[in-house]
Amino acid sequence: MICAQAVAEGLTLLHGVGHNTAAFNALSPTCQEAPFATRTRGETVALTHMQTVKSTPTFREITLSPDISGRVASQLADIKVSPYASFESFQLRALHAVLSMPTSVLQILHAFRWDEYFPGSLLIRNAPVDADLPPTPQDEAPSRAKHTYISEGFLIGCSQFLGETYGFDREKNGRLIHDIRPLLSQAKSMSSGGADVDFDFHTEVAFHPHRPAFLILFCLREDHEGDAWTYVADIKDVWRELTASDINELTTPKFLFRPPTTFAAEGSEPRPASLYGRPIIYGLPSRPRLCLNCNAGFLESDAAGIEAMHRLAQVLHTHSDSIRLLPGDMLLLDNRKVVHGRTAFAAKFDGTDRWLQRAYVSSGLWESEAGPKYPNRVITSQ
């Protein structure tokens, strides 16, 4: 009966399913906080027990109370070790702070990794963010004016429930914590540094054989006009709506993806596309998985495959959830179940733009032959 425990501890649990409005209004006010941004598949309702995790919804939202968020922020503020200078030491301290959260919250993080029936998207609202936030960085380097690591601590502390944080030498120059903000040089690109154009559905690092199992996006600052919406879609929502012909095409290993423009070491060009094909949909019918890139990263294979991919994208959009990420919102995505994208927004490049932090998480990094050499956690290009 985790919901009762969660309410007592100051946690609100929400997910997108239909509900009886009168019954919902009768719930404790604590359970009515922070409604889901858009209600594509019905209204928002408070969970009554943990068994609801075993149902069909593919999006889950929780809201931390000010007491919980403040308590964790205070502990993270005491960490003086920089994650950019000593990651291993920093992550241990960050985990210690995150473990101070109520058991109900930690159980949700645990279930997100291990429970096959848990939604592929988890939104944590009112997570701790640095009170004295400097201007949004305007280059590729981490902010040199950010003197506390509260956001980095919560990001990395939570990531350890999912697996091992890691990076690529050609993505953000091998850094393990990525600052995601619009860059003037990339403003018109369909990439994490873009703003002027929509960034359509994609699996993170779709082209790479060792793409992350999980992706975490943590919002530190929203965009000026509130136009940036993140949208997510889960393969479980669309699997049964595809035709047998489309499934045959999409499960054939013939699709090629190229790296995004951001996937390059500083001062170099992105590497060529992978030279072998892969399926867009894979896994068992009861546990389908997805690897897709609807942006310029897709290389054509044949007309039938392209048409099937476009139909899949249309169905995904029909079943997508849209979230306007606000400061203190952390979005966790299972990169095997879920694709995500972002709408275009206006950037000013003046230090006040939208600012997210991102982490890649592997569920079996050390077992991989292509895995990084300890302790830098960075996969090197071949």
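The values are calculated or read from the model by the stated rules, or taken from the named source; none is laboratory data. Since this is a predicted model, take the numbers as computed values, not measurements. Quick reminder, even Gly has a Cβ in these numbers, built from the backbone with ideal geometry, and neighbours come from all protein chains shown.
Out of the residues in the range 134-153 meeting the condition of being of a type in the set (A, V, I, L, M, F, W, C) and in a loop (DSSP other than H, G, I, E, B), tell me which one is farthest from L183 (Cα to Cα).
Top of the filtered list is A145.
Can you name every residue in the range 177-190 that is in contact with a strand residue (DSSP E or B) (Cβ under 7 Å, 6 or more places away or on another chain) and at pLDDT 80 or above?
Once the filter is applied, which keeps residues that are in contact with a strand residue (DSSP E or B) (Cβ under 7 Å, 6 or more places away or on another chain) and at pLDDT 80 or above, the range 177-190 yields I177, H178, D179, I180, R181.
Does any residue in the range 214-236 that is in contact (Cβ under 8 Å) with a residue 60 or more places away in the chain and part of a helix (DSSP H, G or I) come within less than 8 Å, Cβ to Cβ, of a residue that is hydroxyl-bearing (S, T, Y) and surrounded by fewer than 21 Cβ atoms within 10 Å (Cβ to Cβ) six or more places away or on a different chain, and which pairs are these?
K236/T56
What number of residues within the range 301-332 are part of a loop (DSSP other than H, G, I, E, B), small (G, A, S) and surrounded by fewer than 17 Cβ atoms within 10 Å (Cβ to Cβ)?
Result for the range 301-332: 1.
Anything in the range 325-341 that is in contact with an Asp or Glu (Cβ under 8 Å, 6 or more places away or on another chain) and either among the small types (G, A, S) or at pLDDT below 95 (or both)? List them, or say none.
Scanning the range 325-341 gives a single hit, G341.
Please go through the range 263-283 and pick out each residue that is modelled with pLDDT under 90, of a type outside the set (S, T, Y) and over 17 Å from H310 (Cα atoms).
F263, A264, A265, E266, G267, E269, P270, R271, P272, A273, L275, G277 - these are the residues of the range 263-283 that are modelled with pLDDT under 90, of a type outside the set (S, T, Y) and over 17 Å from H310 (Cα atoms).
When only residues in the range 352-371 that are over 30 Å from I62 (Cα atoms) and out of contact with any helix residue (DSSP H, G or I) (no Cβ under 7 Å at 6 or more places or on another chain) count, which is modelled with the lowest pLDDT?
A370
Counting only residues that are outside any strand (DSSP E or B) and in contact with a Lys or Arg (Cβ under 9 Å, 6 or more places away or on another chain), which one in the range 112-127 is nearest to S74 (Cα to Cα)?
F112
For the range 333-350, how many residues are part of a strand (DSSP E or B) and of a type in the set (D, E)?
Residues meeting the conditions: 1.
Condition (residue is over 23 Å from H96 (Cβ atoms), in contact with a Leu (Cβ under 8 Å, 6 or more places away or on another chain), touching a residue at least 60 places away in the same chain (Cβ under 8 Å) and basic (K, R)) applied to the range 160-177: is it met by at least one residue?
Within the range 160-177 (the criterion being over 23 Å from H96 (Cβ atoms), in contact with a Leu (Cβ under 8 Å, 6 or more places away or on another chain), touching a residue at least 60 places away in the same chain (Cβ under 8 Å) and basic (K, R)), the answer is no, since none of the residues qualifies.
In the range 82-110, what residues are surrounded by fewer than 19 Cβ atoms within 10 Å (Cβ to Cβ) and either assigned to a helix (DSSP H, G or I) or acidic (D, E) (or both)?
Passing the criteria: E88, S89, L92, L95, H96, T103, L106, Q107, H110.
Working carefully through the options V98, V105, find the one that is under 30 Å from R377 (Cβ atoms) and modelled with pLDDT of 95 or more.
After ruling out the rest, the residue left standing is V98.
Could you go through the range 118-128 and let me know if any residue there is surrounded by 15 or more Cβ atoms within 10 Å (Cβ to Cβ) and over 18 Å from D329 (Cα atoms).
Yes, some residue in the range 118-128 is surrounded by 15 or more Cβ atoms within 10 Å (Cβ to Cβ) and over 18 Å from D329 (Cα atoms).
Among (1) over 17 Å from the mean Cα position of the chain (by Cα); (2) surrounded by fewer than 23 Cβ atoms within 10 Å (Cβ to Cβ); (3) more than 30 Å from L284 (Cβ to Cβ); (4) not basic (K, R), where does S245 come up short?
(3)
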